Structures are given as structure tokens and as C-alpha cells.
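Take a look at the structure set out below.
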Amino acid sequence: LPPGVYQMSVSEAAVPGEEVGRVKAKDPDIGENGLVAYSIIDGDGMDMFEITTDYETQEGVVKLKKLLDFETKKSYSLKVEAANVHIDPKFISNGPFKDTVTVKISVEDADEPPVFLKPSYIFEVHENAASGTVVGKVHAKDPDAANSAIRYSIDRHTDLERYFMINAEDGNIRTIKALDREEIAWHNISVFAVEVHKQHQEAKVPVAIKVIDVNDNAPKFAAAYEAFVCENARSNQQFITISADDKDDSANGPRFIFSLPPEIIHNPNFTLRDNRDNTASVLVRREGFSRQKQDLYLLPIVISDGGLPPMSSTNTLTIRVCGCDSNGSLLSCNAEAYILNAGLSTGALIAILACIVILLVIVVLFVTLKRQKKEPLIVFEEEDVRENIITYDDEGGGEEDTEAFDIATLQNPDGINGFIPRKDIKPEYQYMPRPGLRPAPNSVDVDDFINTRIQEADNDPTAPPYDSIQIYGYEGRGSVAGSLSSLESATTDSDLDYDYLQNWGPRFKKLADLYGSKDTFDDDS
């Protein structure tokens with residue numbers, strides 16, 4: 001090795017395995033005779049550093065073995081030895097074939113984040129503690145020589161409900177609101193520590209907070225109990241065993257004490273026996289229960305815990321009276337069912353109800369059929385226009401408008417076929433009675449005579465019933481009776497006297513001038 005001292009430096013922030021420096025020994029031999037191995041044989045840094053051989057360059061590589069701390073130790077010294085791997089026995093007397101050198105390593109200061117005094121913290125606090133109660137204190141420091149001030153904060157992602165707060169300067173953790181152990185028994189939060197002047201230098205530590213139980217819950221029934229007692233139950237017969245449950249910790253829970261309230265301690269129906277194993281048995285005190293008199297009993301039971309101070313609650317046990325067989329097996333717990341069983345069976349009752357329903361259906365069908373109206377035996381012809389009211393909502397072109405529609409066709413459906421019978425004159429065609437229907441001249445049978453006339457009238461399609469009312473709803477030029485309109489009257493304007501229009505006032509003056517007497521018109525001219 002070259003004489004002298006090797007000087008090296010490394011940062012305290014370096015990680016184990018990182019290279020610190022290299023040393024090299026000179027050997028004029030070649031081949032395997034020139035191979036060199038390096039080792040640390042002395043120095044105060046033997047535990048902090050190590051050396052390996054790079055066989056390609058024949059150099060010794062000094063590496064970091066453990067983490068360094070500038071504030072604890074600032075420099076180290078190593079004594080490194082280099083020796084031949086292979087020695088020829090012929091030249092062993094020329095030895096030694098090795099050499100040593102001193103390596104001094106200085107540790108450089110690095111800007112490090114704050115360091116908590118503990119890797120984790122565990123605190124305890126009683127449940128229901130007042131707001132502002134101190135839970136515990138965390139402490140961190142700056143490991144650098146500058147020793148900067150530290151500020152603390154809680155990672156709110158670990159305390160979403162905001163149960164705790166921390167003093168930014170001294171690290172004291174306090175409660176913000178009361179805690180409930182039965183809701184959350186442990187709270188796990190994280191606390192940050194940062195340097196005041198270097199916000200990027202940050203440290204984080206976990207904090208576990210245990211909530212200590214306080215006896216604030218009274219014991220209750222372990223389940224929703226409902227007991228059944230037989231009508232033929234014997235005195236002091238046990239019919240149910242009950243237990244309790246307490247949300248508090250075991251220190252404030254069992255053992256449970258069961259008892260009856262003082263006001264019903266001499267209950268004539270039931271009694272209670274504490275089994276001293278956190279259970280209790282309910283027993284019958286008397287014999288002979290009746291469902292008809294009372295089928296339901298409510299028994300209050302007081303349960304106390306062993307906490308300090310003790311907590312108690314009153315729970316109600318529902319007891320139903322049931323019918324049982326001789327072996328004590330339940331048959332029925334319903335008073336109505338008991339009464340029915342004494343008379344008819346369930347199958348008989350169903351059969352009776354089915355019969356009643358069938359009878360009701362038959363009665364309803366019979367009444368419905370009776371109320372239906374019978375269809376009339378005589379069908380009146382709706383085509384007889386003489387018995388119909390015809391309404392015309394169309395407005396025509398006046399009496400001269402004969403092309404718009406044919407009123408005769410509307411009044412008589414026979415007009416559709418081109419034949420319009422005239423009902424205002426006697427038809428020329430006379431119905432000839434069939435021979436043999438007219439009675440003999442010397443016949444005195446009036447009934448036959450009347451029946452013959454009725455048959456002739458019924459079979460004559462052209463003879464109108466002259467004793468019926470005829471309605472004429474139209475007029476025209478083809479009528480033999482002529483028009484009834486004054487506009488088509490045979491009289492002339494000279495036959496009419498319109499002088500009265502002169503007396504109707506000035507609003508009818510123009511009309512009076514047009515239709516006044518001819519003499520008056522001539523005078524005005």
C-alpha cells in the first residue's frame with residue numbers, strides 16, 4: 001500500500017451498504033500471484049464500516065455497515081491490511097507478503113427531520129371525561145446542531161370525529177368531547193412533528209389511546225324473554241331461567257344480582273330464585289291458573305351489577321298461561337281456542353262456514369235472476385215516421401231550394417225506394433178483401449163482422465188510419481192544398497195596408513216609405 005493516510009468522508013444520512021471510498025495496493029506480480037485481499041484489522045470504526053475486494057480493479061471498497069449520527073460521533077479511524085492471496089512456498093522466506101494503511105473517515109452533518117423520543121405512545125383516559133382532559137404528551141427534537149423548534153399536529157385522517165386536540169408547542173394531547181368506551185374502546189391517531197423553519201422536515205409517530213371503562217350502563221335481560229306456565233302447574237315448579245347482559249367491562253358487570261321489587265316481593269303468583277351464577281329461576285308460587293280469568297301476567301325483575309357504584313334496572317318478564325297435557329307439554333295458549341275445543345272441532349267449524357257461504361251465494365243468484373226484466377213480447381216498429389220526432393240541424397237554401405234534400409224522404413223511409421205514399425188524400429187503390437172473409441148478409445154474428453173489419457184494416461198497406469193525427473212538416477209547390485206561406489200568396493202588394501208602419505217611430509221610417517200607401521208615395525214625389 002502507498003504510505004500515508006487515506007482520508008474519506010460520508011454523510012450521516014447515508015444508508016447501510018453505501019460506498020464510502022476505495023484503497024489500492026500495488027503488486028508487481030501478475031496472474032494469481034498478483035491477487036490481493038483487503039481486511040480491517042483495527043480501528044474504532046470496525047463496527048460501523050466494512051471492506052470488500054473488487055477483483056477486477058484489485059481495489060479495496062470501504063462501505064457503510066450501520067447508520068451514522070453526526071451529533072454522536074463525527075469521525076472514525078480504520079487500519080486496513082492488504083495481503084497476497086497466493087504465496088509461492090519457494091519465496092516464503094522473502095515475506096511478509098502484506099501491508100497495512102490507516103483510513104480516517106469523517107462524518108458530515110445532514111439536515112435531518114425531527115425525532116420522537118419514543119417510536120410509539122400509549123395513553124389512557126376515562127370514558128365520559130370532561131372536555132379538555134389531558135390524555136398524554138408526545139415529545140420530539142431536532143437532531144441537528146441547530147436544534148430548531150418543533151411544532152405538533154394531529155393527522156385528521158386518523159381522527160375524523162375530532163375527539164382529540166394537541167398543543168402545537170408542547171405536544172399535550174387533550175379531549176375535545178366525552179368518550180364512550182362502549183362505542184370505541186381504543187383510538188389510534190398519528191401525530192406530526194415539523195421544524196418551524198423547515199416545514200419539509202417532518203416526523204410522524206403513532207399514538208394509541210385506551211378508554212378506561214366507567215360503570216355507566218345497567219344490566220338488562222340477555223334476550224327478549226317470554227315465559228309460559230301451565231294451568232295445572234304445581235307449586236314451586238320452575239318454568240324459566242333468565243340471564244342478564246351488561247355493556248360495561250367485566251370489572252363493572254358480573255356478578256349480577258336478581259330480585260323482585262319491594263312492592264311485589266310477596267307476589268302470590270310467582271317467586272324468583274337467584275342462582276348466584278349470573279342467572280335466576282322463576283317459580284310458580286301457587287297452583288291452579290285459569291286462562292279464562294287471566295291469561296297474561298307481567299312480572300318486574302330488578303337486575304343489579306357488581307360495579308362501583310352499582311347500576312340496576314327493572315326488566316319486565318311476560319308470562320302466558322297455557323293449556324298443557326298431563327306431561328306438561330303445551331297444547332294451547334289462547335283462551336278463545338280453549339273454549340272452541342270444548343264444543344266443535346276445527347274441521348267442523350270450517351265445514352259450517354263453507355255451508356253458510358254456499359247458501360249466501362245461492363240466495364244472491366236467485367235474487368239477481370228474479371230482478372232481471374223480461375224482454376217485451378211485442379216489438380214496435382221504429383220505422384213508422386208518424387211516431388218519431390225528426391230533428392233537422394241543417395239550414396237549407398229556402399223554399400226554392402229543392403236540390404238540397406228531400407224532406408219527404410227524411411219523413412218517410414219508404415221514399416228511399418221512390419214510392420212516397422200520400423196520407424192527406426184517400427188512395428185510389430182500394431183493397432179488395434179476400435173472398436170468403438166477409439160474413440153472409442143474413443149473419444147476425446157481430447163478433448165475426450168486427451173481426452173481419454179489423455183483419456181488412458190490418459192487411460191493407462195503403463189505407464191510412466183516418467182516426468190518427470197526421471203531421472205535415474213540409475210544404476211545396478206540388479201540394480194540392482197549396483202553400484200556406486204569405487210570401488207565395490195570391491195577393492199583391494196593393495191588397496196590403498202598411499200604413500201602420502208610420503206609427504212605429506223613426507227607426508221604421510225607411511220601411512214605412514218602402515211599403516207605405518201608393519198615394520203617400522205619389523205625394524212625396
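Tabulated values for the structure
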item: Net charge over other residues, Cβ less than 13 angstrom from the Cβ of I257 (K, R count +1; D, E count -1); result: -1
item: For region 189-197, Karplus couplings with θ = phi - 60° (6.51, -1.76, 1.60), whole Hz, Gly/Pro x; result: 10, 10, 10, 9, 10, 10, 6, 5, 9
item: Loop-resident sites, region 1-67, for chymotrypsin sites (Phe, Trp or Tyr not before Pro), counting at most 11 other Cβ within 10 Å (DSSP); result: Y55
item: Hz values of 3J(HN,Hα) by residue in region 237-248 - Karplus curve (6.51, -1.76, 1.60), Gly and Pro given as x; result: 7, 7, 10, 6, 10, 10, 9, 10, 9, 10, 6, 6
item: Approximate spin-label separation K204-I358, in nm, with each point projected 7 Å along Cα-to-Cβ; result: 8.3 nm
item: Cα-based convex hull volume of region 220-332 per residue, rounded to whole Å³; result: 101 Å³
item: Calculated on alpha-carbon atoms, Rg and Dmax of region 118-169 in Å; result: 13.6, 44
item: Percentage of interatomic Cα-Cα distances in region 5-108 larger than 16 Å; result: 57 percent
item: Convex hull of region 115-212 built on C-alpha atoms - directionally averaged projected area, nm²; result: 5.8 nm²
item: 5 angstrom amide H check on F123, placed H, neighbours 5+ away; result: A208, I209, K210
item: Accessible area in square angstrom per residue, region 115-212, 1.4 angstrom probe; result: 55 Å²
item: For C333, distant residues with modelled amide H under 5 Å away; result: G323
item: Nearest-10 value in Å² for the accessible area of D142, using the 1.4 Å probe; result: 10 Å²
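The values are calculated or read from the model by the stated rules, or taken from the named source; none is laboratory data. Since we're looking at a predicted model, the values are computed, not measured. Every residue, glycine as well, gets a Cβ built from its backbone with ideal geometry; the counts of neighbours run over all protein chains shown. Accessible surface areas use protein heavy atoms only, side chains included; no ligands, DNA or RNA. Shrake-Rupley method; radii C 1.70, N 1.55, O 1.52, S 1.80 Å.
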